[in-house]
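Below is one structure, written out as structure tokens, with a few remarks after it.
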Amino acid sequence: MSGAWRWLRHNAVNIWAAGAIAYLLIPIALIAVFSFNDPSGKFNYTWEGFSIDAWTNVFGVEELTDAFLTSLRLAALSTLAATILGTMIALALVRHQFHGRRVANFLIVIPMATPEVVIGASLLSMFLIYGISLGFFSLFLAHVMFSISFVVIVVRSRLIGFDRRLEEAARDLGATPLTTFRTVTLPLLMPGLIGAALLAFALSIDDFVISNFTSGTTVTFPLYIFGAAQRGIPVEVYSIATLLFAVTVAAMVFVTWQQRRAEKMAEVRPDDTDESGAGALASGRDAVSSAGSPA
Amino acid sequence: MNGASKPLGRRLLPYGLLGPGLLWLTLFFVIPLYFMARLSLESGTLETGFQFTWEWSNFSDAITTYDEQFIRSFIYAGVATLIALVIAYPLAYAIAFRGGRWKNALLFAVVAPFFTTYLIRTIAWTTILSDDGVVVDVLKAVGILGDDGRLLATGTAVIAGITYNFLPFMVLPIYASLERLDPRLIEAAKDLYSSSRTAFLKVTLPLSAPGIVAGTLLTFIPAAGDYINAIFLGSTNQHMVGNVIQGLYLNLRDYPMAAALSFILMAVIMLMVVIYIRFAGSEALMGEEEEAR
């Protein structure tokens, strides 16, 4: 009895953690399982039987496929823009001295500390007053905006652990600054950039709230789901969500693997051990804390 | 190196790098806030058009009309943040100190919900908490819920959904602060004859405080503005301020009132954050502002 009690006490934290992990994963498992459901009505809320119908023709629901493609296009474009803009900011923050650092930091952090509904509402206010028509373009402007900060944080944490002697070596060997950047800095930075881009992509493709305010009649994947929730959700939504999950996980694993390889090759030691989405969000800690202490 | 001795191009380079991105943030974050502020002081209707009239009554009307949703938002967000903290701390602790070679896989599991669509996750919860679902059955069997009791369309369901959706934001910062903690400090405490409990309370917990502060903020802020969970897991009786803002902007098109509400929401959150940071101590929270060298 006392042995069992001691075991329980010793492992209480682990058991709790296992429960928490289960709590995090159960809804995801449920989504995957329900993609094989065979609902009789229009809603996919209760289990009624096994079927692979939703998988044989995943992109068979035209409206849904259109919305999904719109989301992919939007995510690709906004990721590209946000990654470039955010990387430039991160380079300036880590490698240069300039006046107004506090203002720059504040500007980067404050969007992450603002509720999305406020961001969406304020963007809509501006678009209304300027008479800017809502649609793909306004969505693009908004998505780049909320992605930039996250890119800055991921790339910055990568840059902080960057061994600058590698660049110095290139310079010593006669490389111009541009050549050094292209052949040394960029390749070493690449895993961080890909990690940042993946995060921006995931944020964009999953955004509902800000898109809800700035989309007009354009329908993205989350907006489609929201609309469909009132009339009935096709099972294909679950298949696409599962597919998206699998692809993102695969991409994350690939990036982490690439990163390990790059680190081994160049012996660059970033200060966080995980530079994937987890590390990015974890280092968001610093950013958000500094947001909370305005100048 | 002295800044003044650098060539001009090199001195301007950081501004060139910062410029486009910060301009984007200014144009599509700061300036919209200005327009929202202006809109919140206008009067009129959609038919007659809106005019700027310093209509301060929008703010007082917003508060008196929607005080219930406001208070509910902060209660739901506060409770969800507390529950998330209770769930997250031991999890982060286990990953940081007992994760071993499973560490990365466990972190992966923590962020996994982010890889499925937010709306679908929430809809999955409607299935989990549905009237004929397992959770309701179990709660009925142990007598917590009455025979005709239900979870959907209750505050409990909405809070459960919010807790779930923002839990990773709580786990990651706490994990990051625990991960940075030098285990030798805990060993030192134990060498000085402190019990595990005392070592935890006097060393581990205070050193992870920045993570707790960041985690609670990252959870509370989006939770207070959320309206998805209330839509899918609640009813109009569970509507939060986000639902009101969304409805006023997108359905009723009472823009001035909606803008006033958004502004109040943002102001209240900012105020709470500032007070909280003061209270929690800001010295540990300054972030990495001085990393340039």
Compare A:L24, A:L134, A:L186 in a GNM of chain A, Cα atoms joined below 10 Å, and give the one with the largest fluctuation.
A:L24
Selected from A:L173, A:L188, A:L199 as most flexible by GNM, with chain A as the system and alpha-carbon contacts under 10 Å:
A:L173
Gyration tensor verdict on segment A:201-261 (Cα atoms; rounded if a/c is under 1.5, prolate if a/b is larger than b/c, oblate otherwise):
oblate
If each residue's Cβ is checked for other Cβ atoms within 10 Å, how do A:V103, B:V111 rank with the fewest at the top?
A:V103, B:V111
What is the local net charge at B:R150, summed over the other residues whose Cβ is closer than 15 Å to its Cβ (Lys, Arg +1; Asp, Glu -1)?
-4
What are the residues whose amide H is under 5 Å from the amide H of A:N44, where those residues sit 5 or more places off or on another chain and H is modelled from the backbone?
A:I233
Just to check I understand the Karplus step: with θ = phi - 60° and J = 6.51 cos²θ - 1.76 cosθ + 1.60, what whole-Hz values come out for segment B:116-127, glycine and proline as x?
10, 4, 3, 5, 5, 4, 5, 5, 4, 5, 5, 5
For chain A, list the DSSP H helices whose alpha carbon atoms reach 30 Å or more along the long axis and whose average Kyte-Doolittle value is 0.0 or above?
A:2-34, A:62-95, A:136-160, A:235-266
Average beta carbon contacts from partner chains per residue of B:221-229, 10 Å cutoff:
5
What the 10 Å binned alpha carbon P(r) of the protein assembly as shown shows, as percent of pairs per bin from 0, is 3, 16, 26, 27, 18, 8, 2, 0, 0
Could you point to the residue in B:M257, B:G215, B:T204 farthest towards the positive end of segment B:67-283's charge dipole, with +1 and -1 charges on the Cβ of Lys/Arg and Asp/Glu respectively?
B:T204
Run the Debye formula on the Cα coordinates of segment A:9-121, all scatterers equal and no solvent, and tell me log10 I(q)/I(0) at q = 0.14 1/Å.
-0.98
Starting at the first residue of segment B:12-22, write each ³J(HN,Hα) from the Karplus equation 6.51 cos²θ - 1.76 cosθ + 1.60 with θ = phi - 60°, in whole Hz, x for Gly and Pro.
7, 3, x, 5, x, 6, 6, x, x, x, 5
How big is the gap, in Å, between the Cα center of segment A:219-249 and the Cα center of segment B:111-183?
20
Could you pull out every one of the lysines with an alpha carbon less than 26 Å from that of B:K190, ignoring same-chain neighbours closer than 8 positions?
B:K103, B:K202
Output wanted: per-residue J couplings in Hz (rounded whole) for segment B:258-270, from phi through Karplus 6.51 cos²θ - 1.76 cosθ + 1.60, θ = phi - 60°, x for Gly and Pro.
4, 5, 4, 4, 4, 5, 4, 4, 5, 5, 4, 5, 4
Counting Lys +1, Arg +1, Asp -1, Glu -1, what net charge surrounds B:N58 among other residues with beta carbon under 11 Å of its beta carbon?
-4
Restricting to DSSP H runs of at least four residues, report the calculated mean residue ellipticity at 222 nm for chain A, -39500 (n - 2.57) per run over all residues, nearest 500 deg cm²/dmol.
-24500 deg cm²/dmol
Rounded to the nearest 0.05, what FRET efficiency do B:Y34 and A:R9 have when you use their Cβ-Cβ distance and R0 = 51 Å?
0.35
Roughly how far apart, in whole Å, are the Cα centres of segment B:244-274 and segment A:160-174?
50
How do the peptides B:196-204, B:114-122 rank, highest first, by the average count of neighbouring beta carbon atoms within 10 Å per residue?
B:114-122, B:196-204
Counting other beta carbons within 10 Å of each residue's own, what order do A:H96, A:H143, B:H239, A:H10 fall into, fewest first?
A:H10, A:H96, B:H239, A:H143
Among B:S130, B:T156, B:A80 the positive-end extreme of the charge dipole of segment B:67-161 (Cβ point charges):
B:A80
Give the residue list of trypsin sites (Lys or Arg not before Pro) in segment A:145-213 that are DSSP loop and have at most 12 other beta-carbon atoms within 10 angstrom.
A:R164
Going from the fewest other Cβ atoms within 10 Å to the most, one would list B:Y164, B:Y193 as B:Y193, B:Y164
Dividing the alpha-carbon Rg of segment A:126-255 by 2.2 N^0.38 Å yields what?
1.44
Using a 10 angstrom cutoff on alpha carbons, build the Gaussian network for chain A and name the most mobile of A:A200, A:A18, A:A169.
A:A18
Computed on Cα atoms only, the convex hull of chain B has an orientation-averaged projected area in nm² of 23.6
About the Cα centre, charge dipole magnitude for segment B:1-78 (Lys/Arg +1, Asp/Glu -1 at Cβ), debye:
920
Formal net charge of residues neighbouring B:S194 (Cβ-Cβ distance under 11 Å; K, R +1; D, E -1)
+1
What whole-number value in cubic angstrom gives the convex hull volume per residue for the C-alpha atoms of segment A:60-292?
144
How shielded is A:40-48 by partner chains, expressed as the average number of their Cβ atoms within 10 Å of its Cβ atoms?
2
Across peptide A:248-256, what mean number of C-beta atoms from other chains lies inside 10 Å of a residue's C-beta?
2
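Since every read-out is calculated from the coordinates, none of them should be taken as a lab result. Because the structure is predicted, anything quoted here is derived from the model rather than measured. All Cβ positions, even for glycine, are placed from backbone atoms using ideal geometry, and neighbour counts span all protein chains on display.
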